[in-house]
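In what follows, a single structure is set out as structure tokens and then discussed.
Bear in mind that the values in this text are calculations on the coordinates, not laboratory data. Source: prediction; values computed, not measured. Note that each Cβ is placed from the backbone with ideal geometry, even for glycine, and that neighbours are counted across all protein chains shown.
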């Protein structure tokens, strides 16, 4: 039950875009059509699903204070957590590379559709952000970390698809010239964020 | 200083602003702006990291194989961010706690990758340094403007000091609690873009 709670919470309450502003760059740049944003959303969810548990294992068995005791008792006071940024980003960059090669080999159609977005996921703040939040929250086991990664990805995907759907219709509306494009996208996201504040405090 | 260099340094403050014109580095720009102080610290940290990573990549630009350049850039940036984080943790512990994961997220701040790819890979170290400082300042400027309005209207204070006099509250004035919530950061940035594009008509989208 706790895990299910975490899943719902990571999609709606702790939404990557509306609550933490992570991954905004590609969110604003790509959300012009529903089709491409769905593709990017799937890719981000997939990468999060892999990197969060891998980084969880890395954090638990290598980086945390006393994490190295499985190697030797005398390492109990070793604290490598200052290295976490550089190791997390290295894991993320290499995972994205692997995912890219796998997708290219087994699903060429999807690969062609995602194009440039796949390699760019490595520098999407939402990916590194999820790993850093995972480290901060001290999840009990790797299953919870996986569920958190999946939920964050789905939340991000939902937000980008929703904004793309609204933007597709915005073309036919009269918007003040200086607000066109970027400005109205910001204000729209703000309004959607206010709506999502309604999910705060929900528990199952 | 030659006119070109001046343009490199001061262009990003308005015409080529990284946040509101090039749409880079928005993620962290919004999250730290509920108060002025963390926004300032974040701005300074990003300026330092952009400037020095620009210099390092510019010095290495002829030796990095282009296929693996993204990983090289990420490692250089991550190393600089770790240094900044350790310094903040040592000398400004309270602000370090407030910024929490957003310091680490400087690594994936699009301003860094954007400037490294677009400028440092093709220009000398000194120009790259100026470009980094300029873009860092442009980023800081937006952060400070957003944080100014959010802290003033949201908690009636600036840098932690109460600005709005008590007599206002006695007369029925209220702090707008919504300003501290995340969504208002987006709306404030939207308004900044509105004002900025009304003044610079050539930036408007069709």
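Quick look at the numbers
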| quantity | calculated |
| --- | --- |
| Nitroxide proxy distance, nm - points 7 Å out along Cα→Cβ at residue B:166 and residue A:34 | 5.8 nm |
| Cα gyration tensor category, rounded, prolate or oblate, for chain A with a/c compared to 1.5 | prolate |
| Value of relative contact order over chain A, rounded to a whole percent, pairs C-alpha under 8 Å and six or more apart | 41 percent |
| Gaussian network model of chain B, springs between alpha carbon atoms under 10 Å - residue of B:157, B:78, B:92 with greatest fluctuation | B:92 |
| Ascending count of other beta-carbon atoms within 10 Å, so fewest first, for B:194, A:156 | B:194, A:156 |
| Residue mean of other protein chain beta carbons inside 10 Å, A:11-24 | 4 |
| Cα-based shape type of the protein assembly as shown, given that a ≥ b ≥ c are square roots of the gyration tensor eigenvalues and the cut on a/c is 1.5 | rounded |
| Exercise: per-residue mean of other protein chain Cβ atoms within 10 Å, A:184-197 | 6 |
| Ranked list, fewest to most other Cβ atoms within 10 Å of each Cβ, for B:110, A:125 | B:110, A:125 |
| Backbone N under 11 Å from the residue B:69 label point (7 Å along Cα→Cβ), restricted to the range B:112-134 | B:116-123 |
| Exposure proxy ranking, count of Cβ atoms within 10 Å, fewest first, for A:20, B:91 | B:91, A:20 |
| Cα centroid of the range B:154-199 to Cα centroid of the range B:18-38, whole Å | 16 Å |
| Cα-Cα pairs of the range A:144-204 separated by more than 18 Å (percent) | 49 percent |
| Among A:63, A:150, A:49, residue whose mean-square fluctuation peaks in a GNM of chain A (springs only between Cα atoms under 10 Å) | A:63 |
| In degrees, nearest ten, helix B:69-91 long axis to first principal axis of chain B (Cα) | 40 degrees |
| Gyration tensor verdict on the range B:75-206 (Cα atoms; rounded if a/c is under 1.5, prolate if a/b is larger than b/c, oblate otherwise) | oblate |
| Residue B:157-residue B:93 pseudo-label distance in nm [points 7 Å out on the Cα-to-Cβ vector] | 2.0 nm |
| Distance-filtered residues of the range A:106-145 - backbone nitrogen under 20 Å, label point 7 angstrom along residue A:76 Cα→Cβ | none |
